[in-house]
1. Given a 1.4 angstrom probe, I'd like the percentage of the accessible area of the stretch 92-247 that is carbon and sulfur, rounded to a whole number.
2. Can you work out the FRET efficiency for the pair Glu56 and Asn233, with r the C-beta to C-beta distance and R0 = 22 Å, to the nearest 0.05?
3. Filter the cross-link list Lys164/Lys214; Lys42/Lys168; Lys117/Lys220 down to pairs whose alpha-carbon distance in this structure exceeds 28 Å.
4. Bin width 5 Å, alpha-carbon pairs only: give the P(r) of the chain as whole percents, running from 0 to the bin holding the largest distance.
5. Among Ile67, Ala189, Asn108, whose Cα projects farthest towards the positive end of the dipole of the chain, with charges put on the beta-carbon of Lys, Arg (+1) and Asp, Glu (-1)?
6. Determine the per residue accessible area of the stretch 1-145 with all protein chains present and a 1.4 angstrom probe, expressed in square angstrom.
7. Suppose accessible area is computed on protein heavy atoms with a 1.4 Å probe; arrange Thr216, Thr162 from highest to lowest.
8. Starting from the 7 Å offset along Cα-to-Cβ, what nm value, one decimal, do you get for the label separation of Asp106 and Gln23?
Amino acid sequence: MKVGVFDSGIGGLTVVKSLLQHQLFEEIIYYGDTARVPYGIKDKNTIIRYGLETIEFFKNFELDLIIVACNTVSAYALDEMRDISNCPIYGVVKAGAIATSNALKDKNSNILVLGTKATINSKAYNTRLHSLGYDNFQTKATGLFVPLVEEEIFSGEILEATFKHYFKDIKQPDAVILGCTHFPLIAPALQAYFGEDTQLIHSGEAIVEYLESKFTFSKKYENPHIKFFASENPDALKAIAAKWLKI
Ligand code: DGL
């Protein structure tokens, strides 16, 4: 199968990493809207417009499906994107909520949802978690993690200070939804902060789990063909991909 992966920028590479680790696809077309990132501070109409433009771009390829790696786009634009797409589209919010419910058997478990301002304001995770029977959750917009990750600050004093700033009123969670493409890169620091008993839910692993529950992947692709496209400076995206994905 040939998959298109869409993100607002480089963060969706964390989702590509999961796709590569699980060897699900023969061909991956990645598009990062690096000229217009971040989406997480933009309004609903703008996010939808950018999503629709990406579907037009993906029409140049004969895709079997599209994965929206960006939590912000997944929270706001999937219905509109599906209306104009000629292949199915899967977002990470529904997959992330289902992965959380698979990981937590106790419906009273406390779930902390982290994301961009737009994702948190959309309440998309709240709605999904509620429909799965979970009502004990806290949400926190942690947008500063995005530039920190882009600066490759994955640990250390600045990150610790940011944790203290954001989490001072947060109750100890049983699970943390990493509701933003960038957050898996600071997962080790978050795990150390919340402790080993807290489960971290990663969008990339969640979408793999979701797709595997929907489709039969009878073949593994060890060396898939990946093409990277960006709305600005594709060489920078390719360089980061080479580093993060070790390809
Ligand atoms: N990709 C975005 C997300 O997952 C984070 C970066 C942005 O704000 O565009 O929500």
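1. Numbers: 4020 of 8010 Å².
After summing per-atom areas, the C and S share lands at 50 percent.
2. Details: r = 21 Å, r/R0 = 0.95.
For Glu56 and Asn233, the calculated efficiency is 0.55.
3. Values: Lys164/Lys214 39 Å; Lys42/Lys168 26 Å; Lys117/Lys220 37 Å.
As for pairs spanning more than 28 Å Cα to Cα, those are Lys164/Lys214; Lys117/Lys220.
4. 1, 6, 15, 19, 20, 18, 12, 6, 2, 0
5. Among Ile67, Ala189, Asn108, the one farthest towards the positive end of the dipole of the chain is Asn108.
6. On the way: 5530 Å² over 145 residues.
Using a 1.4 Å probe on heavy atoms only, each residue of the stretch 1-145 averages 38 Å².
7. Details: Thr216 130, Thr162 15 Å².
Order by accessible area, largest first: Thr216, Thr162.
8. Rounded to a tenth, the inter-label distance reads 3.8 nm.
The values are calculated or read from the model by the stated rules, or taken from the named source; none is laboratory data. Every value quoted in this text rests on a predicted model; they were computed, and no experiment measured them. So basically every Cβ, Gly included, is an ideal-geometry build from the backbone, and we count neighbours across all protein chains shown. For the accessible areas, the whole protein counts, side chains as well, though only heavy atoms, and no ligand, DNA or RNA atoms are used. Shrake-Rupley method; radii C 1.70, N 1.55, O 1.52, S 1.80 Å.
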